[in-house]
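Below is one structure, written out as structure tokens; the observations come after it.
The values are calculated or read from the model by the stated rules, or taken from the named source; none is laboratory data. These numbers come from a predicted model, not from an experiment. Virtual Cβ from ideal backbone geometry, glycine too; neighbours counted across all protein chains shown. Keep in mind that these areas ignore ligands, DNA and RNA; they rest on the heavy atoms of the full protein, side chains included. Shrake-Rupley method; radii C 1.70, N 1.55, O 1.52, S 1.80 Å.
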Amino acid sequence: MTYLGRLIFIFMVLAGYAAAGAAQDQIPRPQRDAREQITVSPATAALIKQAEAGDADAANTVGFQYGNGLSVMQDDAEALKWYRKAAESGSGEGMYNLAGVYENGYGVKRSYPEAVTWYRKAAERGHAGAHYALARLYEQGQGVAKDPKQSAEWRRKGEALNLKPRDK
């Protein structure tokens, strides 16, 4: 690599770091009012209202916000509540996220069998990530008997959806 090429490469890396830092500053964080009480933005309050009214996608988004501390204080129990509401309302993404909560033990006791149940439901709705998660769990024998054939079958089904695995 030439000297100029190295300089360009270093510049690109530094520009990437600067952009990542700026993006971090864009993430909405919870605010406190004059009495130091946690408040939510009007947009988040509206989203919560939609979720409470039965909007499965809104419930999943609220769960994601609580799980990651975006616009609200991070709270695994609240994330679980909203992911469950989304999943029980038929959201494949909510089912996938609920399965992840059980697989990783966020706010609940880790339960691979419960994770398998929800991943399977999400996979039945065409969620590619759920297919790959099931392939991994069958490969590792977590929540199900170790079964390379089932693992390969779930991976094949995920690949048929023409998406890349999130957790290979």
The correct ranking of Thr44, Thr61 by accessible area at 1.4 Å, largest first, is Thr61, Thr44
Lysines whose Cα lies under 21 Å from that of Lys157, excluding same-chain neighbours fewer than 8 positions away | Lys121, Lys146, Lys149, Lys168
Give me the log10 of I(q) over I(0) for the stretch 72-168 at q = 0.13 Å⁻¹, as the Debye formula computes it from C-alpha points; what are the numbers?
-> -0.41
What accessible surface, in Å², does a 1.4 Å probe find on Lys49, ignoring ligands, DNA and RNA and rounding to the nearest 10?
-> 150 Å²
Could you pull the accessible area for Ile8 with a 1.4 Å probe, rounded to 10 Å²?
-> 90 Å²
Starting from the Cα of Lys109, step 7 Å along the direction of its Cβ; do the same at Lys49; then give the gap between the two resulting points in nm.
-> 4.0 nm
